[in-house]
């Protein structure tokens with residue numbers, strides 16, 4: 001595992017090194033979960049939950065239950 005020293009900008013931003021972005025397939029617009037653990041920051045790539053369409057069967061079930 002390589003350690004990288006990154007500088008935080010005045011807006012609190014930092015750049016994820018290219019080799020890490022490539023390995024994790026992180027692209028512009030992707031979502032990362034930020035978690036604070038003790039004195040460390042952990043980043044995890046996540047797939048956002050897609051909104052349900054009006055045709056999704058769960059809506060039929062919710063009408064039945066309500």
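Here, each number is a calculation from the coordinates, and none is a lab measurement. For clarity, every value in this text was computed on a predicted model and none was experimentally measured.
What the pair-distance distribution of the chain shows, using all Cα-Cα distances binned every 10 Å from zero, is 14, 35, 21, 14, 13, 3 percent. Look at the alpha carbon pairs under 8 Å that are at least 6 residues apart: their mean separation over the length of the chain gives a relative contact order of 17 percent.
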